[in-house]
Amino acid sequence: MNVYLHRALSEFRRIPNQLTGLRVALTIALYWLVDGDRTLFLAVFFAAGATDLLDGYLARRLSAESEFGRALDSFADSALFVFAMWSIWKLRPEVFVHNQPLWVVVGCSAAAAQILALVKLKRFAGFHLYSARFAGGITIFSYLWGLERGYNATVHYIFAAAFVLRQLEAIAMCLLLDDPYADLRPSIVCYSRQELGLAKGD
């Protein structure tokens with residue numbers, strides 16, 4: 001136990017991991033701020049989102065990428081996403097009520113990707129793909145739209161499409177690659193046919 005604690009403390013000496021940890025702390029704070037001042041709430045939300053952009057950038061710039069950092073980043077992203085869904089349900093329930101099948105598809109796609117990764121890889125599907133970054137930007141936009149204006153079919157269908165495509169790429173990574181984390185790349189198209197098991201004779 002002391003070995004794991006020492007390793008975790010050592011990892012938190014890295015600036016990118018400190019930023020990721022800050023995102024977790026800010027997400028927890030958002031649960032307390034959701035019913036309070038809207039300006040403060042949005043400021044904390046944007047600060048949490050900013051750490052998501054900075055931690056990965058700094059990890060690459062400082063050559064401080066690690067398995068711990070990737071796992072922590074995936075957890076922090078998931079925590080912020082879960083909070084966003086919960087807060088929309090709390091503040092703007094009509095966003096979910098207006099198109100329930102859409103949200104069932106979104107939820108099932110996320111569950112399928114995570115369950116498959118847990119079964120095959122024994123870890124969460126946090127591959128940090130280009131599709132995930134794109135979906136993240138769309139998610140923030142649709143979240144803010146829903147928070148301020150409620151349900152909009154166009155906005156939320158675009159969000160669902162981006163989110164589901166992200167999950168489908170993660171599912172393909174799990175199905176076609178023996179271990180995506182062994183040589184993690186930003187998109188499944190970055191792998192060769194041989195690596196994907198699509199070469200002749202496979």
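Just give me the residues in segment 1-23 being open to solvent by less than 30 Å² (accessible area, probe 1.4 Å) and at pLDDT 85 or above, in sequence order.
P16, N17, T20, G21, R23
Would you be able to tell me the number of residues in segment 104-145 that are free of Cβ contacts under 8 Å to residues at least 24 places away in the same chain and surrounded by 17 or more Cβ atoms within 10 Å (Cβ to Cβ)?
Number satisfying all stated conditions: 3.
Any idea which of (1) open to solvent by less than 60 Å² (accessible area, probe 1.4 Å); (2) more than 15 Å from the chain's Cα centre (by Cα) is the one A79 doesn't satisfy?
Of (1) open to solvent by less than 60 Å² (accessible area, probe 1.4 Å); (2) more than 15 Å from the chain's Cα centre (by Cα), only one is false for A79: (2).
Show me the helices (runs of 4 or more DSSP H) found entirely inside segment 41-138 where at least 3 residues are under 22 Å from I158 (Cα atoms), modelled with pLDDT of 85 or more and among the β-branched types (V, I, T).
Working: elements: 67-91, 94-97, 100-121.
Ranges flagged: 100-121.
Out of the residues in segment 155-192 meeting the condition of being among the small types (G, A, S) and assigned to a helix (DSSP H, G or I), tell me which one is nearest to F134 (Cα to Cα). Walk me through how you get there before you give the answer.
The first filter runs over segment 155-192 and keeps only residues among the small types (G, A, S), leaving 160-162, 170, 172, 182, 187, 192.
Checking which are assigned to a helix (DSSP H, G or I) leaves us with 160-162, 170, 172, 182.
Values: A160: 12, A161: 11, A162: 7, A170: 14, A172: 17, A182: 23 Å.
So, considering only residues that are among the small types (G, A, S) and assigned to a helix (DSSP H, G or I), the one nearest to F134 (Cα to Cα) is A162.
The values are calculated or read from the model by the stated rules, or taken from the named source; none is laboratory data. What you see is a predicted model, and the numbers here were worked out from it, not measured in a lab. When we count neighbours, we look across all protein chains shown, and the Cβ atoms used for this are built from the backbone with ideal geometry, even at glycine. These area figures cover heavy atoms from the full protein model, side chains too; ligands, DNA and RNA do not enter into them. Shrake-Rupley method; radii C 1.70, N 1.55, O 1.52, S 1.80 Å.
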